[in-house]
Amino acid sequence: MAQIHLRPDWHIAERDATSQSAYHSRRRFIRKLGLGGIAATTLGVGGGLATGGITTGDPGRSTGDPDGPLDTIPENAPRTGLPATRNADYVVPERPQTSRLAASSYNNYYEFISQGDLKTVWPLTGDYNPFPHTIEVRGLVEEKTTFDVDDLIRQIGIEERICRFRCVEAWSMTIPWIGFPLAGLIAACKPLSKATHVRFYSVDRPKEMPGIRNARWFDFPYYEALRMDEATNELAFVATGMYGEPLPKQNGSPLRLVLPWKYGYKGAKAISRIEFVDEQPPTFWQDLFPKEYGFLSNVNPNLPHPRWTQAQERHFLDEDRIERIPTQLFNGYAGLVGHLYPDEPTEFRRGVVR
């Protein structure tokens, strides 16, 4: 069974929502008292979600650990193009944005944590150094190449898009991402015409990522893939930041895929390698549990997961406010991607994995 933890519906954070300015003021006060991370976990200071009992004595942590979920943006992350201009074509008018603290506190990232409280990733990111960062391009391309993230940002340019985000575990958020269209990166890679799919590999650094060291049952690095028509669709996005800042480590720094019409695990984080192939490649979760995680993995309320319904979702407004809402076909983006999937069911089907 997949190592996925679903918090019960009654679970709420112990801490109240806190503004960003108040958050940093309280952090500075704690550091002056010499309490550091212990205060953040035992006193409940900082406004993030519950830490699941992780303290400074946890063997997965290091002395350089962040004080809180907003302290994990690498200091040397590129800031070219910030603040980014919002693209008005990509907004979510029917629901408010999820708070920045909630989006930075509640994450799936198995390279860092693979047992216990799977959602409180940020305390374990202290040893991870995302930058400098390059991406290798291999496979069916005109020429093998390597891109620097900062160069890509300068070459393609960045914008802000507000998008729905839906996890396969039936929780969701609304996030203002910063980055560039995946189609721009695909074009820069110069794939051959016979390439039908593109595969993405994530960073694999056991010394910096405790989840990789501890979860030997997973075959890292993480790998995902898309059909070429999906990868070049206007909705496919490469995020280099969120909420006006570069990506925090727990959100996929230095860059990650954002595919709003697919479940979140399709969005590979910390991409380090791109490969173009001429047949459908396997993917990480599909290899592990083929009866539960298909290649397409589109958000579809008519296709239940074998162990739970996908008809509704728990939508995060902030750390303490979660509302239950109905799930939309393709997460509300049917007008942009529906034509790619003529066989996708629009009526309920039981036990179907795609």
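Summarised in one figure, the compactness ratio Rg/Rh of segment 125-233, Cα atoms and Kirkwood Rh, is 0.98. So if we plug the beta-carbon distance of Asp117 and Asp320 into 1/(1 + (r/R0)^6) with R0 = 22 Å, what FRET efficiency do we get, rounded to 0.05? Given R0 = 22 Å and the Cβ-Cβ separation, E is 0.80.
With all pairs of different C-alpha atoms in the average, the Kirkwood value for the hydrodynamic radius of segment 77-340 is 18.7 Å.
Rg/Rh for segment 93-170 (Cα atoms only, Rh after Kirkwood) is 1.05.
On full extension of the chain, what length is gained from Lys207 through Asp287, given 0.36 nm per residue of separation minus the C-alpha to C-alpha distance? Stretched fully, the Lys207-Asp287 segment lengthens by 26.3 nm. Lysine pairs in segment 77-340 whose alpha-carbon atoms fall under 20 angstrom of each other, counting only those eight or more residues apart or on distinct chains, come to 12. Extending 7 Å from the Cα toward the beta-carbon at both Ser193 and Gln312 defines two label points whose distance is 5.2 nm.
Taking only the C-alpha atoms of segment 196-354, the Rg (one decimal) and the largest Cα-Cα distance, Dmax (whole number), read 16.3, 47 Å. Per-peptide packing, taken as the mean over residues of other Cβ atoms within 10 Å, places 255-268, 223-236, 138-151, 322-335 in the sequence 255-268, 223-236, 322-335, 138-151 from highest down. Remark on segment 211-302: hydrodynamic radius 14.5 angstrom, per the Kirkwood mean of 1/r across alpha carbon pairs. Fully extending the segment from Asp89 to Asp151 would add 19.7 nm, taking 0.36 nm per residue of separation and subtracting the current Cα-Cα distance.
FYI, it's all coordinate maths here, none of it is from the lab. Here the structure is a predicted model, which means the values were calculated and not measured. Glycine also receives a Cβ, built like all others from the backbone with ideal geometry; neighbour counts cover every protein chain displayed.
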